[in-house]
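A short worksheet on the structure shown next.
The values are calculated or read from the model by the stated rules, or taken from the named source; none is laboratory data. The structure displayed is predicted, hence computed values, not measured ones. Glycine also receives a Cβ, built like all others from the backbone with ideal geometry; neighbour counts cover every protein chain displayed.
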Amino acid sequence: MNPVIISITQSNFEAIPEKCRSCLYWSFPEETEKLNSKISATNQKLIEKKKQSLLHTLQEFGNCAKILYYNDVPVGYAEYGPSHRFPQIKEYKSQPIGQIDEGVVFLSCLYIVDETLRRKGLGEKLLDNVIADLRGRGFTAIETYAREGSMNNPSGPIELYRKKGFYVKDDANPEFPIARLDL
Ligand SMILES: CC(C)(COP(=O)(O)OP(=O)(O)OC[C@H]1O[C@@H](n2cnc3c(N)ncnc32)[C@H](O)[C@@H]1OP(=O)(O)O)[C@@H](O)C(=O)NCCC(=O)NCCS
């Protein structure tokens, strides 16, 4: 069956794959530290915080997340937006990440949650969908921290981005370079 990709709206937050629904890594780094110590007690609060944060980005920026369904099950997730919405960026050595007033959008996450569905082209389809969305809205570039040598990274391995035409903009940390696609 073909995958179906839909944008996040004010009413489908609950369809975001569970792992991503409470993930505040990019937007609220201090909460991620808390989570490591007290997982379940704070989980509902984190989910609500994530929801409010996404709705804020949606209102400020428009489409900012995509859910990929495969056989009617949500198995993939991508999130993106203005870099000022992701303060975790300042912890990365490769800099600077572009700003929204220059038309540059930051891709914070690209994830196929079900590992048995990886390497079947779904991640690439999800990325294509994000690129088409941003190109259609007139943005100038998309940037992400791709990882060299491992796919264990919020937006996955550098190979995927090279395949889609991204180039390395800054590799002050060669393991986590900034990959950029000019749109
Ligand atoms: C990154 C990710 C979304 C890619 O999705 P995918 O469906 O497995 O990737 P695709 O099958 O579409 O692969 C497209 C291209 O990406 C590259 N690629 C994908 N996985 C790769 C890997 N493990 N190693 C090297 N290259 C890889 C290849 O160039 C591939 O093209 P090819 O199949 O023609 O060689 C997926 O691997 C993933 O979710 N990784 C974990 C990311 C993560 O932990 N996010 C954290 C969220 S909190």
Go through segment 99-108 and count every residue that is surrounded by 20 or more Cβ atoms within 10 Å (Cβ to Cβ) and out of contact with any helix residue (DSSP H, G or I) (no Cβ under 6 Å at 6 or more places or on another chain).
3
From the list Gly149, Gly138, Gly103, Gly98, exactly one residue is more than 13 Å from the chain's Cα centre (by Cα) and modelled with pLDDT under 95. Which is it?
Gly149
Given the conditions (1) in contact with a Gly (Cβ under 8 Å, 6 or more places away or on another chain); (2) under 21 Å from Leu54 (Cα atoms); (3) within 16 Å of the ligand (Cβ to nearest atom), every one holds for Gly103 apart from (3)
Kindly evaluate Gln95 against the criterion of being touching a residue at least 60 places away in the same chain (Cβ under 8 Å) and either among the acidic types (Asp, Glu) or in a helix (DSSP H, G or I) (or both).
no
Scan segment 98-108 residue by residue and report those that are part of a loop (DSSP other than H, G, I, E, B) and either in contact with a Leu (Cβ under 9 Å, 6 or more places away or on another chain) or without any contact (Cβ under 8 Å) to a residue 40 or more places away in the chain (or both).
Gln99, Gly103
Looking only at residues in segment 115-127 that are farther than 15 Å from Asn63 by Cβ and among the hydrophobic types (A, V, I, L, M, F, W, C), which one is nearest to the ligand (Cβ to nearest atom)?
Leu122
Condition check for Tyr111: within 15 Å of the ligand (Cβ to nearest atom), buried (at least 19 other Cβ atoms within 10 Å of the Cβ) and in a strand (DSSP E or B):
yes
Is segment 73-88 home to any residue that is at pLDDT below 90, on the phi < 0 side of the Ramachandran plot and part of a loop (DSSP other than H, G, I, E, B)?
no
